[in-house]
Structures are given as structure tokens and as C-alpha cells.
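The values are calculated or read from the model by the stated rules, or taken from the named source; none is laboratory data. Fair warning: this is a prediction, and the values are worked out from it, not measured in the lab. Methodologically, a virtual Cβ is constructed for each residue, glycine included, from the backbone with ideal geometry; neighbour enumeration extends over all protein chains shown. Keep in mind that these areas ignore ligands, DNA and RNA; they rest on the heavy atoms of the full protein, side chains included. Shrake-Rupley method; radii C 1.70, N 1.55, O 1.52, S 1.80 Å.
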Amino acid sequence: MKLIIQIPCFNEEKTLPATMKDLPSEIDGFSSVEYLVIDDGSTDKTFETAKKLGVHHIIQLGSNRGLATAFKIGIEYALDQDADIIVNTDGDNQYYGEDVIKLVKPIFEKKADMVIGCRPIKDHPEFAFYKKILQQIGSWTLRKISKTKVRDAASGFRAFSRETCQRLNMFSQFSYTMESLIQAGNMGLRLNSVDVRINKKTRDSRLFKNILEFIFKSTNTIIMMFFLYRPGRFFTICSFFFLGPALFIGLRFLYLIYLNPDPSRTYFPSLILLSILAWAGFSLISLGLIGIKIKSLRQIQHELLYLSRKNK
């Protein structure tokens, strides 16, 4: 079996050597373990450093396209190189490299299709209290959308079987970690998680500048994932914000007409508002039904994409 460990990098000249040093070069059961660096438009000497370290495969994107795009391109390349299992890790040496062995074991033993390396969120020494809370809330939300039990949904340290990679098709430009988890869960793939160790922080995250940006981007991604993968439930929940007040106004109207009539009063404003709210609510339900149909078509497209990748 062939294992490829991919490392998306953007200006990781200083941290890449430490990241590579911890990664295993041999694992029992694998005929080869190879490294893949995706240079996402780095302006430092990431490319030269990767060459000096003896990285087997290096892809230069030329411009900074973002982590999600680098991840997707790396996966496609690894598939073309006939990788049986693909591991993704970060170039900032956040994760303990030797734990790659923990990640690949369930897939190697045919017990899982995708394995997430879970960080010790509650005991993480470098996570502020608010970040621990947000990480737990985000993971809980993702578990509900993806129908999985993964404890660390944001972890980028994960392993994929070849077939899983052939089935994934990312849309999000911010967080491939969330979307790949949702897709895998909704396709009924076997997801597993293992506890992994972490190294000391080497730099601040480049995905967001501050906590407000992190909240905004994460919330936006979760809403979009909810919209794409749970359209019926998404629009039904939204419709309650209109149908609920409409029901209240309708019951109030019936009460005033039949139980407390007042000939001097006119109810046209309330009826107009009732009509607008009811129309908006039922329109959202209709959008939900359309979304369910589009979701079915997208699932067919995913299956066709999987078959085309598999038959390459």
C-alpha cells in the first residue's frame, strides 16, 4: 500500500523542517510513504526548503489560492499518484507527526474510511477560554449537520482512504475541514477519530485575523453547509419565523371577530400583514422542497464524479 502525506504550505520556510522531522518515513504494512508539499503561492523559500528536505512531490500554485484550494489540488494529485491512503497535516508543525500512524491504522485495518485527529481542546494550553467554547460549539453543530460523532471538527490532521477522496467534492473556500466532514457523514462513510498530540504554537493562525473574523467566517460556513446539505430543514426552520407570527395574528383576528367583536375597528392592516407573513413562510417551504430536489441532483453529480475518478 502507498501512503502520501500532504502538507499545504504558505510561507512555511521556518516551520516546514520541524514538521517534516516528526513525520514517519516508514510504517508497517505500507510499501512506500511519500511526502507532498503544496506551495500555495509562498513568497519566502518554502519551495527551496521542501526540495532540500527531500520532499518527494512539490506542487507550486503560483498564487495564494487559500487552504481549501490547496487541499483539493493536493488530493487530486495524490490520487493521480495512486495513493491508497492520504494524510493531511499542517505546515506549521501544530500536530505531532508520529501520530500519523494512529490516523492510518483504522483505515489500513478496513475499520474506517476517514479518520480525524482530535486535539485535546479542553486541556489545550494555548487555546483561550473563549476559543475552547467556540471550538466545542462548532464541533457540536457540525456533528448535528454531518450525523457524526467527531469531537474536533476543525482539526486539519486527518486521513482518508482512496475511495473517500474520490467521493469528496469541496465547494467551500474557507473550511474544507467542515465540508469534507459533512460530505463524508451524509454519504454514510465510516468516520472515526483518534486522540493526537500537539506541539507548541509556532505562529498565529492565518485563516483569520481576530476572534470576530473567526466567528463570522465559521458561522457563515456552517450556515452555507446547512443550506447545501440540509435545505429542507434549513428553509423549514426559517419559515417558522414568518409562519409563527402569521399564526398568532390569525388567531388574534379570530378572537377579536368572534369573541370580542368591535364594529368600529378595521382589521385590514392585520390581514395584510398576515398575508405577507404567510406568503413568505410558505415561499420558504417551497424553496426547501426545491433545495431537496437540487440536493438529489448534486448527489447524482457526486456519484458520476466518483465513477470518473475511479475509472481513471
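So which trypsin sites (Lys or Arg not before Pro) in the stretch 37-120 are both in a DSSP loop and have at most 13 other Cβ atoms within 10 Å of their Cβ?
Listed in order of number, the matching sites are 110, 111.
Could you calculate the contour length gain from residue 143 to residue 283, that is, 0.36 nm times the residue separation minus the distance between their Cα atoms, to one decimal place in nm?
47.5 nm
Looking at the stretch 141-287, the accessible area is 57 square angstrom per residue; that uses a 1.4 Å probe and ignores ligands, DNA and RNA. Using every pair of separate Cα atoms, the Kirkwood estimate puts the hydrodynamic radius of the chain at 21.8 angstrom. A Förster radius of 51 Å combined with the Cβ-Cβ distance from residue 52 to residue 241 puts the calculated FRET efficiency at roughly 0.30. Each Lys and Arg Cβ is given +1 and each Asp and Glu Cβ -1; about its Cα centre, the chain then shows a dipole of about 960 debye. The packing ranking, built from the mean of other Cβ atoms within 10 Å per residue, places the peptides 34-44, 141-151, 274-284 in the order 34-44, 141-151, 274-284, highest first. The alpha carbons of the stretch 241-312 give a radius of gyration and a Dmax of 22.6, 77 Å, in that order. Cross-link pairs exceeding 27 Å between alpha carbons, from the set 21/72; 217/310; 21/217; 111/295; 21/149; 149/295: 217/310; 21/217; 111/295; 21/149. For the stretch 2-54, the extents of the C-alpha atoms along the principal axes are 38, 17, 13 Å, listed from largest to smallest. With R₀ fixed at 45 Å, the C-beta to C-beta distance from residue 98 to residue 272 puts the FRET efficiency at about 0.10.
Principal-axis analysis of the Cα atoms of the chain puts helix 268-310 at an angle of about 30° to the longest axis. Largest GNM mean-square fluctuation among 273, 254, 134, using the chain with Cα springs under 10 Å: 254. Label separation (residue 14 vs residue 311): 5.1 nm, computed from points 7 Å beyond Cα along the C-beta direction.
Taking only the alpha carbons of the stretch 26-113, we obtain Rg and Dmax values of 13.8, 41 Å in that order. Accessible surface comparison of 165, 238, probe 1.4 Å, protein chains only, largest first: the order is 238, 165. Taking Cβ atoms as reference points and 13 Å as the exclusive limit, the residues near residue 58 contribute a net charge of -2, counting Lys and Arg as +1 and Asp and Glu as -1. What's the FRET efficiency of residue 252 with residue 170 using the Cβ-Cβ distance as r and R₀ = 41 Å, to the nearest 0.05? According to the calculation, E is roughly 0.30. Compared with the dominant Cα axis of the chain, that is its longest principal axis, helix 176-186 is turned about 70°. So what's the gap between the Cα centers of the stretch 24-64 and the stretch 208-262, to the nearest angstrom? When both Cα centres are located, 47 Å separates them. Helical runs (DSSP H, four residues minimum) scored at -39500 (n - 2.57) apiece and divided by the length of the chain put the mean residue ellipticity at 222 nm at -16500 deg cm²/dmol.
Of all beta bridges that DSSP places with both ends in the chain, some 30 percent have antiparallel geometry.
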